[in-house]
1. Going through the range 18-47 one residue at a time, which ones are outside any strand (DSSP E or B) and more than 17 Å from SER102 (Cα to Cα)?
2. If I ask for residues that are open to solvent by 20 Å² or more (accessible area, probe 1.4 Å), touching a Gly at 6+ places or on another chain (Cβ under 6 Å) and of a type in the set (A, V, I, L, M), which ones from the range 191-224 would you list?
3. For the range 172-222, which positions are under 20 Å from THR103 (Cα atoms), modelled with pLDDT of 90 or more and in a strand (DSSP E or B)?
4. For the range 101-129, which positions are more than 26 Å from ILE28 (Cβ to Cβ) and charged (D, E, K, R)?
5. Yes or no: the range 75-93 includes at least one residue that is among the small types (Gly, Ala, Ser), in contact with a Leu (Cβ under 8 Å, 6 or more places away or on another chain) and either open to solvent by less than 10 Å² (accessible area, probe 1.4 Å) or at pLDDT below 95 (or both).
6. With the requirement that a residue be touching a strand residue (DSSP E or B) at 6+ places or on another chain (Cβ under 6 Å), closer than 12 Å to LEU98 by Cβ and not aliphatic (A, V, I, L, M), what does the range 58-74 give you?
7. I'd like to verify a number: residues in the range 114-159 that are open to solvent by less than 10 Å² (accessible area, probe 1.4 Å) and either without any contact (Cβ under 8 Å) to a residue 40 or more places away in the chain or in a loop (DSSP other than H, G, I, E, B) (or both), how many?
Amino acid sequence: GSYGGAVYNARGATDVDSSQFDSNWARIEAGALYDTVGTVTVTETAFTGNSTGDGPGGVYAQAGAVRISGTATITRSLFNGNWADNQGGAIYSGADFLTITSTTFSGNYTLEHGGAIRTTGWLAVADSTFTANDAGNDQGEAIYSLGTGLPTIRNTLFAENDPDSLGSECTGDIDSLGYNLDSDGSCTSEPTDVPNGDADLGPLADNGGPTMTHLPGLTGDAVDNGGDCLTTDQRSFPRPVGDGCDIGSVELRTAASYVLCASFYTGQVTSPLNGQCASGNYELDVPEIYPLTFCVNPYTGAVTLSQSCNPPRQPHVMPDAGDLLTCVSLYTGANRRVFNTSQCLAHEVPNLIPATL
């Protein structure tokens, strides 16, 4: 279509929950979603690879993914790889008020203003992550603001949104409410901000939760340097963890936050009971990497983290959602992955490892 490649709503409210808009296209505005008058609510939704325009020099071609005109709230969502010929690689907003929380903008692009967001109205961003977004004219590689509203940013991470080092991550009147981190100093102004910081972000990946995210590096400047944050992150995992909130949409759970118990005798791997491993077990600290692959030696019970397990070690994959069910041999201690307990043989016992450790 010309407007709203997937959805065009000119009648009222738009409510989008747990959805995905992928590779939609509009000739003029809003590659995925255009709401002209109503209240827009977007929750736990991914917008990937949506675009506007017919190529370089599109006359309008705004809002690679979403165009908003009324009032909108976007929560725990992902905007990745969206494209606009003109303005707003992911979002173009003239909204009376747009609130964005716990959301990731990664790898969005526009030829003009606002690699991730172009706004002419009121905008409030909190607990979110902007990385690898790009504006072709270097005006607002992440956010470009020019209008009647005064955008505010809080506890938000801006990492490497200026690939050619010629522009600025934030352009226009943007008010920092503190506890933000940026790579070039253009988004930070308060004493609690971290200007020219290095978050040491990991790649966009399935780190648990409904959408993909970027994990902050354990030794990066984002960890524990945030202020007041929501009680859950983009993945709905609890926050804060550690000495304080992490800056951005993801709260890193350190290795000490993930513990498995491995039996010395059988190799059976379980979650701790009331935070403690039983007698005859040792603790295995697990880093936050999904999907998690670990190896269990059926003879010694030794557990190691590896993407490949050499015999006789048995591979086990911890999925990002759902539990891992295995059958443990009474004779060898070997774990065998199954999908229901009836698949365990007479000499095996079921072993359930919860996905949320």
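1. Let us first name the residues in the range 18-47 that are outside any strand (DSSP E or B), namely 18-19, 23-24, 27-28, 30-32, 36-38, 44-45.
Passing the criteria: SER23, ASN24, ARG27, ILE28, ALA30, GLY31, ALA32, THR36, VAL37, GLY38.
2. LEU215
3. ASP175, SER176, LEU181, VAL194, THR213
4. ASP127
5. Keep residues of the range 75-93 that are among the small types (Gly, Ala, Ser), which gives 77, 81, 84, 88-90, 93.
Now drop any that are not in contact with a Leu (Cβ under 8 Å, 6 or more places away or on another chain), which leaves 84, 93.
Now narrow it down to the ones that are either open to solvent by less than 10 Å² (accessible area, probe 1.4 Å) or at pLDDT below 95 (or both): 84, 93.
So far as the range 75-93 goes, yes, one or more of its residues are among the small types (Gly, Ala, Ser), in contact with a Leu (Cβ under 8 Å, 6 or more places away or on another chain) and either open to solvent by less than 10 Å² (accessible area, probe 1.4 Å) or at pLDDT below 95 (or both).
6. If the condition is that a residue be touching a strand residue (DSSP E or B) at 6+ places or on another chain (Cβ under 6 Å), closer than 12 Å to LEU98 by Cβ and not aliphatic (A, V, I, L, M), then ARG67, GLY70, THR71, THR73 are the ones that fit.
7. Residues in the range 114-159 being open to solvent by less than 10 Å² (accessible area, probe 1.4 Å) and either without any contact (Cβ under 8 Å) to a residue 40 or more places away in the chain or in a loop (DSSP other than H, G, I, E, B) (or both): 22 in total.
Listed here are the residues, each with its yes/no results for (1) free of Cβ contacts under 8 Å to residues at least 40 places away in the same chain; (2) open to solvent by 20 Å² or more (accessible area, probe 1.4 Å); (3) under 30 Å from GLY70 (Cβ atoms).
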| residue | (1), (2), (3) |
| --- | --- |
| ILE100 | yes, no, yes |
| GLY172 | yes, yes, yes |
| SER183 | yes, yes, no |
| SER186 | yes, yes, yes |
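The values are calculated or read from the model by the stated rules, or taken from the named source; none is laboratory data. Computed from a predicted structure; not experimentally measured. No Cβ is skipped: glycine too gets one built from the backbone with ideal geometry, and neighbour counts run over all protein chains shown. Side chains are part of the model used for accessible areas, which takes the heavy atoms of the whole protein and leaves out ligands, DNA and RNA. Shrake-Rupley method; radii C 1.70, N 1.55, O 1.52, S 1.80 Å.
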